[in-house]
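To keep things clear, I will list the structure first and then write my remarks on it.
The values are calculated or read from the model by the stated rules, or taken from the named source; none is laboratory data. No experiment lies behind these values; they were computed from the predicted model shown. Heads up, the Cβs are rebuilt from the backbone with ideal geometry, glycines too, and the neighbour counts pull from every protein chain shown.
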Amino acid sequence: MAVRAKTAAAAAQAGQTRRLRFQKLVPYLYIAPALIFIFIFVFYPLARTVQISFYEWNIVRDRQNYVGLDNYARLLADPNFRQIIGQTLVYLLIAVVAVVALPISLAFLTLQLTDKEVDFYQSAMFFPTVIATSVATLVWVWFYLPTRTGLFNTLLQPFGVTQPVQWLTDSFTALPAVALVANWKVMGFHFLLALAGLKAIPRDYLEAAYVDGAHGWSLMRRVILPLFAPTGLFLLVITLIQGLEYVFVPIRVMTLGGPANASNNLMYAIYQEGFQFFRAGYASAMSVVMILLFGGFALLQYRLLDRRVHYDR
């Protein structure tokens with residue numbers, strides 16, 4: 001009897017142990033499909049990109065020669081690459097102003113309107129977002145026509161500008177012209193996010209601030225902006241991460257990176273190297289540099305800005 005009791009107790013303990021192990025495994029089973037998807041479409045391509053960056057590989061000839069760090073050395077010595085890095089930073093700076101600062105400012109102003117007016121402005125601001133990027137870009141090509149019939153040149157004529165401006169073929173105006181199209185396309189979505197973040201601020205906090213004598217800029221700086229900080233940080237991060245993605249189609253349709261690389265940026269240059277010139281190794285090295293730059297930049301943002309963000313409302 002004693003032996004049977006010990007055997008039954010051991011079996012029960014073993015069964016309980018198995019159940020505990022299974023319970024610990026259940027959460028991982030739930031996230032396994034997502035992890036498999038991330039591994040196949042994120043981590044494996046990333047590892048493969050790093051591997052290819054050590055080779056000289058022409059996709060058409062399909063011959064790979066191991067060159068070590070030569071592709072990275074060529075990048076650092078290439079003046080065109082340094083120009084592209086500088087223009088990439090300019091694109092991101094324009095994006096921060098156009099799709100972070102401007103939508104937040106417009107959202108603040110919109111809150112002063114009536115509910116019907118707010119609904120109208122929400123629809124009007126979001127309308128460009130639902131238009132196909134290629135279609136919208138083609139419309140803007142007409143705006144930028146380098147003739148007197150182009151919309152912008154027509155608007156400049158009453159101000160004494162009789163000579164048509166070459167918006168897309170002038171190295172000084174090509175970059176901001178393309179950036180304007182890209183940021184106009186996504187500004188409405190960022191506007192809605194900013195407006196939702198402002199509306200989520202509890203009214204009790206604002207009313208308590210009014211009672212304590214906070215008005216105008218004091219209310220904005222000490223109450224509204226700290227409570228809006230999580231939304232503002234999110235807008236800043238997604239803008240800096242996706243800013244080059246926004247501008248890819250406008251560059252492709254309007255300038256092809258020209259004139260003389262004046263409207264190019266890092267993402268479009270990678271596309272050119274890999275799919276136009278078929279230099280997969282060099283394009284992969286550029287991709288690795290872009291990942292390191294943007295990954296480090298995103299980490300720096302969180303380190304510097306997340307300390308000032310208050311998530312508890």
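General remarks:
- The set of residues in segment 142-176 that are closer than 18 Å to Tyr246 by Cβ and out of contact with any Leu (no Cβ under 6 Å at 6 or more places or on another chain) comprises Leu168, Leu175, Pro176.
- Test: residue in segment 27-47 that is part of a helix (DSSP H, G or I), under 15 Å from Ala283 (Cβ atoms) and either hydrophobic (A, V, I, L, M, F, W, C) or modelled with pLDDT of 90 or more (or both): yes
- Selected residue (only one of Leu225, Leu233 is within 30 Å of Leu89 (Cα to Cα), among the aliphatic types (A, V, I, L, M) and touching a residue at least 60 places away in the same chain (Cβ under 8 Å)): Leu233
- Residues of segment 184-240 satisfying the condition of being within 23 Å of the chain's Cα centre (by Cα) and among the hydroxyl-bearing types (Ser, Thr, Tyr): Thr231, Thr239
- Out of Ala136, Ala208, Ala132, sole residue that is in contact (Cβ under 8 Å) with a residue 40 or more places away in the chain and among the hydrophobic types (A, V, I, L, M, F, W, C): Ala136
- Figure legend. Inter-residue proximity from segment 245-259: first residues over 13 Å from Tyr271 (Cβ atoms), second residues hydroxyl-bearing (Ser, Thr, Tyr) and not in a helix (DSSP H, G or I), beta-carbon distance below 7 Å, spacing 6+ or different chains. Indicated pairs: Thr255/Ser263; Pro259/Thr169; Pro259/Ser171.
- Where Arg63 falls short, out of the listed (1) modelled with pLDDT under 90; (2) surrounded by 11 or more Cβ atoms within 10 Å (Cβ to Cβ): (2)
- Residues that are over 22 Å from Gly197 (Cβ atoms) and surrounded by 17 or more Cβ atoms within 10 Å (Cβ to Cβ), drawn from segment 210-251: Leu244, Val247, Val249, Pro250, Ile251
- Test for Phe248: is it within 15 Å of Ala101 (Cα to Cα) and aromatic (Phe, Trp, Tyr): no
- Selection within segment 142-168: residues that are under 27 Å from the mean Cα position of the chain (by Cα) and crowded, with 17+ Cβ neighbours inside 10 Å. The member of this set that is farthest from Tyr91 (Cα to Cα) is Tyr144.
- Identity of the residue in segment 66-100, at pLDDT 90 or above and within 12 Å of Gly281 (Cα to Cα), that ends up surrounded by the fewest Cβ atoms within 10 Å (Cβ to Cβ): Tyr66
- Any hit, segment 44-56, residues being without any contact (Cβ under 8 Å) to a residue 24 or more places away in the chain, of a type outside the set (D, E, K, R), farther than 28 Å from Leu256 by Cβ and out of contact with any Ser or Thr (no Cβ under 9 Å at 6 or more places or on another chain): yes
- Exactly one residue among Val118, Val130 is of a type outside the set (S, T, N, Q) and either in contact with a Pro (Cβ under 8 Å, 6 or more places away or on another chain) or under 27 Å from Tyr268 (Cβ atoms) (or both), and that residue is Val130.
- The lone exception for Leu109 - which of (1) out of contact with any Pro (no Cβ under 7 Å at 6 or more places or on another chain); (2) surrounded by 13 or more Cβ atoms within 10 Å (Cβ to Cβ); (3) among the aliphatic types (A, V, I, L, M); (4) in a helix (DSSP H, G or I) it fails: (2)
- Each residue in segment 73-87 was checked for being within 21 Å of Phe278 (Cβ to Cβ) and under 25 Å from the mean Cα position of the chain (by Cα), and 4 of them qualify.
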